[in-house]
Amino acid sequence: MTSVATLLLFIWFIVSLLRLPALGYANVIEWLSSPLAAIPMLLLIVSTFWHLKLGMQVVIEDYVHEEGTKLFSITILNFLTIAAAASAFFAVLKIAFGGDAS
């Protein structure tokens, strides 16, 4: 399910960017300030990072055989995934509500 959702949202993202008059900073900020762009972007972030976490967890479970190392690796994966997703989420929310990411 996450791969289908991520694929559809990435298609939306690419089509949306191609429909912009220019890919300048101001145009992208103005576009992302709209709820019609910010909400799918937030969904794309959640879907992408959840898909990444699930895929990497399967790799860790398949190839890391020591239980302690496996638990540590999955814990680090969870923390890093949440931190990266939260950073991306915050950037989109800051643009959507504040109009600028800097």
Task: Residue that is farthest from Ala85 (Cα to Cα), among those in segment 62-72 that are in a helix (DSSP H, G or I) and open to solvent by 80 Å² or more (accessible area, probe 1.4 Å) - done: Glu67
Task: Selection within segment 83-100 - in contact (Cβ under 8 Å) with a residue 60 or more places away in the chain and loosely packed, with under 12 Cβ neighbours inside 10 Å - done: Gly99, Asp100
- [ ] Kindly establish whether Lys70 is charged (D, E, K, R), within 23 Å of Phe90 (Cα to Cα) and either at pLDDT 95 or above or within 14 Å of the chain's Cα centre (by Cα) (or both).
- [x] no
Open item on the list: Looking only at residues that are small (Gly, Ala, Ser) and part of a loop (DSSP other than H, G, I, E, B) in segment 15-29, which one is surrounded by the fewest Cβ atoms within 10 Å (Cβ to Cβ)?
Closed with: Ala22
Task: Which listed residue is in contact (Cβ under 8 Å) with a residue 24 or more places away in the chain, open to solvent by less than 80 Å² (accessible area, probe 1.4 Å) and within 19 Å of Ser87 (Cβ to Cβ), from Leu32, Leu43, Leu52 - done: Leu32
Task: segment 1-24 residues that are at negative phi, paired with ones that are among the basic types (Lys, Arg) and surrounded by 10 or more Cβ atoms within 10 Å (Cβ to Cβ) (beta carbon under 6 Å, 6 or more apart) - done: none
Open item on the list: As an exercise: evaluate Leu80 against (1) over 28 Å from Met1 (Cα atoms); (2) open to solvent by 80 Å² or more (accessible area, probe 1.4 Å); (3) of a type outside the set (Phe, Trp, Tyr) and give the number of the one condition it does not meet.
Closed with: (1)
Open item on the list: Among the residues of segment 84-92, are any in a helix (DSSP H, G or I), β-branched (Val, Ile, Thr) and under 23 Å from Met1 (Cβ atoms)?
Closed with: yes
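The values are calculated or read from the model by the stated rules, or taken from the named source; none is laboratory data. Note that the coordinates shown come from a computational prediction; the quantities given were computed from them, not determined experimentally. Virtual Cβ from ideal backbone geometry, glycine too; neighbours counted across all protein chains shown. These accessible areas exclude ligands, DNA and RNA; they are computed on the full protein's heavy atoms, side chains included. Shrake-Rupley method; radii C 1.70, N 1.55, O 1.52, S 1.80 Å.
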